[in-house]
1. Filter region 1-10 down to the residues that are part of a helix (DSSP H, G or I) and at pLDDT below 95, then identify the one that is least open to solvent (accessible area, probe 1.4 Å).
2. Step by step: first the residues of region 23-47, then only those that are over 17 Å from D66 (Cα atoms) and of a type in the set (S, T, N, Q), then the one that is surrounded by the fewest Cβ atoms within 10 Å (Cβ to Cβ). Which residue is that?
3. Working only within region 36-64, note down all residues that are over 11 Å from the mean Cα position of the chain (by Cα) and modelled with pLDDT under 90.
Amino acid sequence: MNWSQEPDPARLTLLDRLVCSNRAVWEHFSLEANRARVSALRAALDAGCSLEQVASALGVHVSEVDAVAWSGQPEEALPATSAR
């Protein structure tokens, strides 16, 4: 689903924030702009926006969003035998 077709006004606002923060990163990369984009991405996912909507808002393929959709800690992604 295209992000702009979201029927819920609250989620539409979050997706719009993601679009704007993504544009800011591409127009003038900075650490602050990237942090704002990550925050907007997490807020949209936490609010129940679909991976397809988030990918649409970012202008990327859904597989690129899937990698950040989990909510654990980075070390939890490692097999138990390699985490130290």
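The values are calculated or read from the model by the stated rules, or taken from the named source; none is laboratory data. Keep in mind it's a predicted model, so treat the numbers as computed, not measured. As a convention, Cβ positions derive from the backbone with ideal geometry for all residues, glycine included, and neighbour counts pool all protein chains shown. Areas reflect the complete protein model, heavy atoms only, side chains present, ligands, DNA and RNA absent. Shrake-Rupley method; radii C 1.70, N 1.55, O 1.52, S 1.80 Å.
1. W3
2. The qualifying residue surrounded by the fewest Cβ atoms within 10 Å (Cβ to Cβ) is S30.
3. Answer for region 36-64, where residues must be over 11 Å from the mean Cα position of the chain (by Cα) and modelled with pLDDT under 90: H61, S63.
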